[in-house]
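Student: After the structure tokens below, expect a handful of questions from me.
The values are calculated or read from the model by the stated rules, or taken from the named source; none is laboratory data. What you see is a predicted model, and the numbers here were worked out from it, not measured in a lab. Positions of Cβ are backbone-derived with ideal geometry, glycine not excepted, and every protein chain shown enters the neighbour counts.
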Amino acid sequence: MRQARPLGNFSHTHLVEAATSNLSRSSLENGGTVARRRFFGHLHWLVPRPRSSCHWLVPRPRSSCRLTLIITYVINIIITMAIIIDNPWEKQSQAPVQLHFFGEIHMKIEGSVALVTGANGGIGQAFVRELLKRGAKKIYLGVRDPGSLRGLFTESGKLVPVMLDLTKPAQIEAAGKVASDVTLLINNAGAVAFSGALAARDLVAARQEMEVNYFGLLALTQALRNSPALRSGGAIVNVLSFLALVTLPVAGTYSASKSAALALTRTLRAELKPRGIQVVGVFPVQTDTPAFAPLPEPKLKPEEVAAGTLDAVAAGEEEVFPGALSRGAADFFKKDPAALQARMSTSVHAVG
Ligand SMILES: NC(=O)c1ccc[n+]([C@@H]2O[C@H](COP(=O)([O-])OP(=O)(O)OC[C@H]3O[C@@H](n4cnc5c(N)ncnc54)[C@H](OP(=O)(O)O)[C@@H]3O)[C@@H](O)[C@H]2O)c1
């Protein structure tokens, strides 16, 4: 261990530690590795050290000492700024993040690499358009049939179709490899059957809802475990439903699958919190898309869901009730969940 020499009220090591402790904090929040912290911890050997002949505590140091002092300060400032503003050594592997004061890290949409599942659906298309508007660098379009994308989007340079049926493990694994640079995962694809518990004669519809809305979401997230979205500064958005919170019996098995996905969202959030990964749950009420046509008016526009969600991501929020309709329902739910559930429970299938 080298001895630190006094430098005014600070020692040489103090200044370097001040710089590297900033790094350690931001590295930890960003999922930084021990090796990387060690590397930066050794940067202080680059800082010129005062010669023993210099008298640091005298009021007017000799010019060579003064020069060394200035160089020391400048190098320390450069190291600190590189750490605080933008760590150039981590650029390749990190999601673009906005570093706010007081240590909050928010996902930055501009420059992000997104994967949107169900990109050809009503809300999926709205997400893709909103991401393009906000300056995403690349967007993987997860779809079961790439032909279904024909004519949907005008800007093609940034869009990369990926064949992705969430009930097919081989396609999930392949998508995980292709989209390994993803920084923003939007789990949007969903299946709904509007079948009751006893009105349905078998498990086919209920299983499909669970396969897509719960297991598919989990499997794809696992397949992307090494992507920046899950490792450093990224974000995961799970499009759940207001029906994850209250059960609508005409879509009872769908509600069950979304409640399962909500529990999974909370689990992922807890697991990824130490890496500073934002995990967002989205709770839209009925939205104007073909699959949900049986739900009553008034409805949200898909664009409201996409814009509200991306605003919340950029603001560092974890739960989103997009649009005024969802926010109104959330207020009702928070005040009296039992009364809301009783109201929803009047909509049932006839049981033969
Ligand atoms: N609309 C609403 O009222 C509402 C309300 C709350 C939450 N949500 C949720 O919002 C999300 C988007 O729904 P949406 O309203 O936009 O409905 P949508 O237009 O029917 O879109 C659903 C998307 O999911 C895809 N999908 C279905 N099964 C799949 C599978 N096995 N593998 C991969 N993709 C699959 C569909 O692809 P294909 O075109 O190949 O079928 C389609 O792209 C869903 O998670 C839904 O539960 C919707």
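Student: List the pairs whose first member sits in the range 235-258 and is part of a strand (DSSP E or B), whose second member is more than 10 Å from the ligand (Cβ to nearest atom) and among the small types (Gly, Ala, Ser), and whose Cβ atoms are under 6 Å apart, counting only residues at least 6 apart or on separate chains?
Tutor: Asn238/Gly281
Student: Take Thr309 and decide whether it is surrounded by fewer than 16 Cβ atoms within 10 Å (Cβ to Cβ) and either in a helix (DSSP H, G or I) or at pLDDT 95 or above (or both).
Tutor: The answer is no for Thr309.
Student: Got at least one residue in the range 326-339 being closer than 11 Å to Phe242 by Cβ, buried (at least 20 other Cβ atoms within 10 Å of the Cβ) and under 22 Å from the mean Cα position of the chain (by Cα)?
Tutor: Scanning the range 326-339 turns up at least one residue that is closer than 11 Å to Phe242 by Cβ, buried (at least 20 other Cβ atoms within 10 Å of the Cβ) and under 22 Å from the mean Cα position of the chain (by Cα).
Student: Within the range 159-180, which residues are aliphatic (A, V, I, L, M) and more than 11 Å from the ligand (Cβ to nearest atom)?
Tutor: Leu159, Val160, Ala170, Ala174, Val178, Ala179
Student: Still on this structure, please answer the following. So the check is Cβ under 6 Å with 6+ separation or different chains; which pairs have a first residue in the range 165-191 that's without any contact (Cβ under 8 Å) to a residue 12 or more places away in the chain and in a helix (DSSP H, G or I) and a second one that's of a type in the set (A, V, I, L, M, F, W, C) and within 14 Å of the ligand (Cβ to nearest atom)?
Tutor: Gln171/Met163; Gln171/Leu164
Student: Another one. Out of curiosity, is Ala244 touching a Phe, Trp or Tyr at 6+ places or on another chain (Cβ under 7 Å), aliphatic (A, V, I, L, M), closer than 30 Å to Phe332 by Cα and at pLDDT 95 or above?
Tutor: yes
Student: Could I ask something else about it? Pull out all pairs, ordered by first then second residue, where Cβ-Cβ is under 6 Å, the residues are six or more apart or on different chains, the first lies in the range 266-293 and is over 16 Å from Ala306 (Cβ atoms), and the second is more than 11 Å from the ligand (Cβ to nearest atom) and part of a strand (DSSP E or B).
Tutor: Leu268/Val279; Arg269/Val279; Leu272/Val279; Gly276/Ile105; Gln278/Met107; Gln278/Ala235; Val279/Ile236
Student: Would you mind stating whether Thr117 is within 27 Å of Pro274 (Cα to Cα), modelled with pLDDT of 75 or more and either in contact with a His (Cβ under 7 Å, 6 or more places away or on another chain) or surrounded by 13 or more Cβ atoms within 10 Å (Cβ to Cβ) (or both)?
Tutor: yes
Student: Which one is surrounded by the fewest Cβ atoms within 10 Å (Cβ to Cβ) among residues in the range 181-203 that are more than 13 Å from the ligand (Cβ to nearest atom), within 20 Å of Phe292 (Cα to Cα) and of a type in the set (A, V, I, L, M)?
Tutor: Taking the candidates together, the pick is Ala197.
Student: When the range 305-325 is examined, which residues are found to be within 14 Å of the ligand (Cβ to nearest atom) and more than 19 Å from the chain's Cα centre (by Cα)?
Tutor: Across the range 305-325, the qualifying residues are Gly323, Leu325.
Student: What about Ala206, is it among the hydrophobic types (A, V, I, L, M, F, W, C), more than 10 Å from the ligand (Cβ to nearest atom), under 30 Å from Val351 (Cα atoms) and assigned to a loop (DSSP other than H, G, I, E, B)?
Tutor: no
Student: For the range 147-158, give me each residue that is in contact (Cβ under 8 Å) with a residue 12 or more places away in the chain and away from the ligand (no atom under 15 Å from the Cβ).
Tutor: Passing the criteria: Glu155, Lys158.
Student: Condition first: at pLDDT below 95 and charged (D, E, K, R). Now tell me which residues in the range 139-158 satisfy that.
Tutor: Scanning the range 139-158 gives Arg150, Glu155.
Student: Can you name the number of the only condition in (1) crowded, with 17+ Cβ neighbours inside 10 Å; (2) assigned to a helix (DSSP H, G or I); (3) touching a Phe, Trp or Tyr at 6+ places or on another chain (Cβ under 6 Å) that Val285 fails?
Tutor: So Val285 meets the others, but not (2).
Student: Another question, then. Which pairs do you get when a residue that is at pLDDT below 95, found in the range 196-212, comes within reach of a residue that is β-branched (Val, Ile, Thr), reach meaning Cβ atoms under 8 angstrom, with the pair 6+ apart or on two chains?
Tutor: Gly196/Val250; Gly196/Thr253; Gly196/Val348; Gly196/Val351; Ala197/Thr253; Leu198/Val351; Ala199/Val351; Ala200/Thr253
Student: From Lys301, Lys258, which residue is crowded, with 19+ Cβ neighbours inside 10 Å and either within 20 Å of Leu218 (Cα to Cα) or within 12 Å of the ligand (Cβ to nearest atom) (or both)?
Tutor: Lys258
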